[in-house]
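Worksheet: one structure, shown below.
Nothing in this text is a laboratory measurement; each read-out follows from the coordinates by a stated rule. In this text, all values refer to a predicted model and were calculated from it rather than measured experimentally. All Cβ positions, glycine included, derive from the backbone under ideal geometry; neighbour counts span all protein chains shown.
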Amino acid sequence: MRSWKFGVRDQRDFAAGLFFLICGIAIFWMSRQYPSGTLLNMGPGFFPTALSIILILVGVAVLGRSLLVAGERFPPLAFGVLALVVTPIAAFGWVVERAGLVLTTLALVALVRLAGGDRRPLEILILGLVLAAFMAVVFVYGLHLPFDIWPRTS
């Protein structure tokens, strides 16, 4: 006769479920200040509240699955690669004001691709240019966000 042990059986599902649950609770907490309205007359808080409830339910389901179904162990974190991915994204907001959208996007794409082990400079350059052009069209011309496309000369 097998004895049933209670505990985390799938570390990846447990981490994902916890992430969904924390995000859902945080979004629900932040959306409380906006009126939700009704289904026929939705207020600004309706969508964030609905999204948060869905995230909470998904988080609970994935957490439950992690306790019932055996899975793989969580792989060790590669902190160097993680730093090469997170640091450029965090620095983007600071650098974009000084270097402009195009140069900042090129640098961000290059650093993130290099973090993944990609050493093909032409492919990185093409990807960066396409992404920079897309961002300029969408954010600067489409949404009229106050980004400088090129570095300021003053």
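Out of region 60-126, which GluC sites (Glu not before Pro) are coil in DSSP terms and have no more than 12 other C-beta atoms within 10 Å? The qualifying sites are E72. In terms of modelled amide H atoms, which long-range or inter-chain residues lie less than 5 Å from the amide H of G37? Correct list: G43.
Placing dummy labels 7 Å off each Cα toward the beta-carbon, the span from A133 to Q33 is 4.1 nm. One entry in (i) 48; (ii) 67; (iii) 59 is percent of Cα pairs over 21 Å apart calculated from the shown coordinates; its label is (ii).
Net length available on complete extension from L77 to A107 is 8.4 nm, with 0.36 nm assigned per residue and the Cα-Cα distance removed. The magnitude of the dipole of the chain, with charges of +1 and -1 set on the Cβ of Lys/Arg and Asp/Glu and taken from the Cα centre, is near 460 debye. In this simple spin-label approximation, I126 and A90 carry label points 7 Å from Cα along the Cα→Cβ vector, and these lie 3.4 nm apart.
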